[in-house]
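What follows is a set of notes on a single structure, which appears directly below.
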Amino acid sequence: MPTPDAPFQPIIYVRGYAMTRGEIDDTTADPFCGFNLGSTMYRAVPDKQERPRKHVFESPVVRLVSEYGYQDVYEDGHDIVDPEWEADALGKPTGNRLGSRSIVIYRYYDAASSTLGSGRTPSIEDFARGLSRLVARVRDLVCANPANGIAPADFRCYLVAHSMGGLVCRAFLQNAALDTEGTARHVDKFFTYATPHNGIDVLGHNIPSWLSLNDIDNFDRDRRMPAYLDLAAAAQRHHRVDLIPEARFPARRVFTLVGTNRLDYEAAAGAARTFVGHGSDGLVKIANATLHGLDAANNITEPCAKAFVYRAHSGHFGIVNSEEGFQNLTRFLFGDVRVDLWLEIDDIRLPDAVQKAADAGRAVNALYQIELLASPRGKLWSLTRRTAEEDSVACVAHADWQNDRSQYLSTVFLANWGRVNKRRRSLAYGMTVGVRAPDYEIERRLWLNEHFEGGYLFRNALILEMVPPADGSGSDAWKVKYAWQDAGVAMADTEITPTQLQAGRIEVSVPFDSGTLGANGKLRPTHPGIRGRLRFVIEGWNLD
């Protein structure tokens, strides 16, 4: 049964990894464990030498309070896990009540602190057990408040985690033995910022299990992670651990936000980003920061929702203290429409000379890089940003494209409360889609004839506009329009007939092709080129 204030549920924030004793003590000294940090800087271009743009983001805590009516849970210097929160030193009830719009910080490093704890760091399994107890505590307090009108069986909450905090959440959600209170069923949605779901790689190698200093082996995907994530059989079969069993938690209720700015990650005086390398946020590889579902037979199912932002793992340009991160978070938690974007490749055309070489039996290869930027109507920031310069593109090798035609690019959540014109029922966002012209190789030798660096096989901007059903149901009532921008600006005016899918979802496709205008004014395909479709899977969100 939906809760009276849905979709606004308690948010439990789980911070990331603290390596040294000093870092542990620093985080325990912060009431909000970093969720209260803001930023005034935004990188518009991937060049550290360029001055950043000023953009004030107050912090997730401040914005949740000011825009959505959330509150912290601290009262008279006490946390909800402290006995004094409910009763004073004389045993007299304090009268404190917990609202459904509460921000709860899981302070799991307190036990490891040299000031507040024993100075010994518990295992990640212990952290997961503690999270199970914390969810039970939040449930009991929320349900004990008659103003909330929530029965224990109906209680729901959100888990929001940064970095290793996401692994703590996964251990709690996935490993039934660690959910000591049986509270994983109360988690409605799970959002991660820059979590190393498939471990951490340094100099091209995963963290080994024997490197247990400062619990770094928590990121070892060969032994340690399969154990605490309860993925031994799946890890042995697939050689990966970025998997979440659907039987324990539905993949469609997970969002993974991926950082792509390694240059502004300053940990260890910049050494971390050097050893982790390109294609990362400075600490976590882009390829390791997403999740897929896993069925009962250990088959990999659908990808969890993902988006990419040009933010570093932490710091002044960090992913948690960012406008883009906050907008993805709140739209996922409270939004109204979900759009999953796929690029379907129907055909790839080689340059004529390269095609002749391929027809003659010579080995031809190329790497196609797919770019995507997407922003809601009327906003100055992107919900997802994937570009070649930022190492965040989707890649398809020429030798594999016929078996790898379907590319999941990103998910965008839209919200009625985010509309610029409140009287307009439609929700819309614009996107720029590009496929870079590759460096062609014939027999492993570069083919540079007719090559122009930085060119595209296809690049265009698209506006997609959607009008959901008035009552939030009935997929046949969706109205969807689009418009390619080409060389100008055009509002969405071409209607598409949706295809109905299961679970109230619809699907629409927009065709594209590489082409140029001929002498007769008609579009003709180019060689090289690419032809395909942008496939959008759309559904109402938070309908219950």
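State which residue pairs qualify: first residue within 24 Å of THR260 (Cα to Cα) and inside segment 176-204, second residue surrounded by 21 or more Cβ atoms within 10 Å (Cβ to Cβ) and acidic (Asp, Glu) in any location, beta carbons under 8 Å apart, and separation of 6 or more residues or different chains.
These pairs meet every condition: ALA194/ASP281; HIS197/ASP242; ASN198/ASP242; GLY199/ASP220.
Kindly indicate whether TYR70 is at pLDDT below 95, touching a strand residue (DSSP E or B) at 6+ places or on another chain (Cβ under 6 Å), of a type outside the set (Asp, Glu) and under 21 Å from TYR193 (Cα atoms).
Here the answer is no, as TYR70 does not meet what is asked.
For THR180, are the conditions met, namely being β-branched (Val, Ile, Thr), open to solvent by less than 10 Å² (accessible area, probe 1.4 Å) and either assigned to a loop (DSSP other than H, G, I, E, B) or farther than 28 Å from PHE32 by Cβ (or both)? If you could, list the steps in order and put the result at the bottom.
Working: β-branched (Val, Ile, Thr): yes; open to solvent by less than 10 Å² (accessible area, probe 1.4 Å): no; either assigned to a loop (DSSP other than H, G, I, E, B) or farther than 28 Å from PHE32 by Cβ (or both): yes.
No, not satisfied.
Those residues that are hydrophobic (A, V, I, L, M, F, W, C), in a loop (DSSP other than H, G, I, E, B) and buried (at least 22 other Cβ atoms within 10 Å of the Cβ), I need them from segment 139-177; list them, please. Before the answer, list the steps.
Filtering segment 139-177 for residues hydrophobic (A, V, I, L, M, F, W, C) gives 141-144, 147, 150-151, 153, 155, 157, 159-161, 164, 167-169, 171-173, 176-177.
Remaining after also requiring in a loop (DSSP other than H, G, I, E, B): 147, 150-151, 155.
Correct list: ILE150, PHE155.
If I filter segment 374-394 down to residues being open to solvent by 20 Å² or more (accessible area, probe 1.4 Å) and more than 18 Å from ASP281 (Cα to Cα), which single residue comes out as modelled with the highest pLDDT?
SER375
Quick check on my filter: what residues within segment 381-398 are of a type outside the set (A, V, I, L, M, F, W, C) and either without any contact (Cβ under 8 Å) to a residue 40 or more places away in the chain or farther than 22 Å from ILE348 by Cα (or both)? Walk me through how you get there before you give the answer.
Of the residues in segment 381-398, the ones of a type outside the set (A, V, I, L, M, F, W, C) are 382, 384-387, 389-392, 398.
Result: SER382, THR384, ARG385, GLU389, GLU390, ASP391.
Output the residue which, of all residues in segment 247-263 that are in a loop (DSSP other than H, G, I, E, B) and open to solvent by 10 Å² or more (accessible area, probe 1.4 Å), is nearest to LEU333 (Cα to Cα). Break it down stepwise before answering.
At the first step, the residues of segment 247-263 found to be in a loop (DSSP other than H, G, I, E, B) are 247-250, 260-263.
Within this subset, residues satisfying the condition of being open to solvent by 10 Å² or more (accessible area, probe 1.4 Å) are 247-248, 250, 262-263.
Details: ALA247: 21, ARG248: 20, PRO250: 15, ARG262: 27, LEU263: 30 Å.
Filtering first and then ranking leaves PRO250.
Return yes or no: is GLN402 open to solvent by 40 Å² or more (accessible area, probe 1.4 Å), more than 26 Å from PHE190 (Cβ to Cβ) and without any contact (Cβ under 8 Å) to a residue 40 or more places away in the chain?
Working: open to solvent by 40 Å² or more (accessible area, probe 1.4 Å): yes; more than 26 Å from PHE190 (Cβ to Cβ): yes; without any contact (Cβ under 8 Å) to a residue 40 or more places away in the chain: yes.
Taking the combined requirement at face value, the residue satisfies it.
Looking at segment 401-414, is at least one residue of a type outside the set (Lys, Arg), part of a loop (DSSP other than H, G, I, E, B) and modelled with pLDDT under 95?
If we filter segment 401-414 for residues that are of a type outside the set (Lys, Arg), which is where we start, we get 401-404, 406-414.
Adding the requirement that they be part of a loop (DSSP other than H, G, I, E, B) leaves 404.
Cutting the leftovers down to modelled with pLDDT under 95 gives us 404.
Yes, segment 401-414 contains a residue that is of a type outside the set (Lys, Arg), part of a loop (DSSP other than H, G, I, E, B) and modelled with pLDDT under 95.
Looking for something within 23 Å of TYR265 (Cβ to Cβ), at pLDDT below 95 and of a type in the set (Asp, Glu) - is there at least one such residue anywhere in segment 41-63? Spell out how you get there, then give the answer.
Residues of segment 41-63 within 23 Å of TYR265 (Cβ to Cβ): 41-61.
Add one more test, that the residue is at pLDDT below 95, and what stays is 41-55.
Within this subset, residues satisfying the condition of being of a type in the set (Asp, Glu) are 47, 50.
Among the residues of segment 41-63, at least one is within 23 Å of TYR265 (Cβ to Cβ), at pLDDT below 95 and of a type in the set (Asp, Glu), which makes the answer yes.
Do you know which residues across segment 328-346 are part of a helix (DSSP H, G or I) and either touching a strand residue (DSSP E or B) at 6+ places or on another chain (Cβ under 8 Å) or on the phi > 0 side of the Ramachandran plot (or both)?
From segment 328-346, those part of a helix (DSSP H, G or I) are 328-334; that's our starting set.
Of everything in segment 328-346, those that are part of a helix (DSSP H, G or I) and either touching a strand residue (DSSP E or B) at 6+ places or on another chain (Cβ under 8 Å) or on the phi > 0 side of the Ramachandran plot (or both) turn out to be ASN328, LEU329, ARG331, PHE332, LEU333.
Mind listing whichever residues of segment 506-533 are modelled with pLDDT of 95 or more and either open to solvent by 70 Å² or more (accessible area, probe 1.4 Å) or more than 30 Å from TYR440 (Cβ to Cβ) (or both)?
ILE506, GLU507, VAL508, PRO511, ARG531, ARG533
Every residue in segment 490-505 that is of a type in the set (A, V, I, L, M, F, W, C) and either in a strand (DSSP E or B) or at pLDDT 95 or above (or both), please. Explain how you work it out, then say what you get.
Filtering segment 490-505 for residues of a type in the set (A, V, I, L, M, F, W, C) gives 490-492, 496, 501, 503.
Within segment 490-505, ILE496 is the sole residue that qualifies.
Anything in segment 266-312 that is modelled with pLDDT of 95 or more and in a helix (DSSP H, G or I)? List them, or say none.
Result: ILE286, ALA287, ASN288.
All but one of (1) open to solvent by less than 50 Å² (accessible area, probe 1.4 Å); (2) touching a residue at least 24 places away in the same chain (Cβ under 8 Å); (3) in a loop (DSSP other than H, G, I, E, B) hold for ILE244; state the number of the condition that does not hold.
For ILE244, the failing item is (3).
For segment 429-445, give me each residue that is among the hydrophobic types (A, V, I, L, M, F, W, C) and open to solvent by 10 Å² or more (accessible area, probe 1.4 Å).
Keep residues of segment 429-445 that are among the hydrophobic types (A, V, I, L, M, F, W, C), which gives 431, 433, 435, 437, 442.
Across segment 429-445, the qualifying residues are ALA437, ILE442.
Select from segment 220-265 the residues that are modelled with pLDDT of 95 or more and aromatic (Phe, Trp, Tyr) and list them in ascending order.
Passing the criteria: TYR228, PHE249, PHE255.
The values are calculated or read from the model by the stated rules, or taken from the named source; none is laboratory data. Values in this document were obtained by computation on a predicted structure and should not be read as measured data. Glycine gets a Cβ as well: all are built from the backbone with ideal geometry, and neighbour counts include every protein chain shown. Surface accessibility is based on the protein's heavy atoms, side chains included, excluding ligands, DNA and RNA. Shrake-Rupley method; radii C 1.70, N 1.55, O 1.52, S 1.80 Å.
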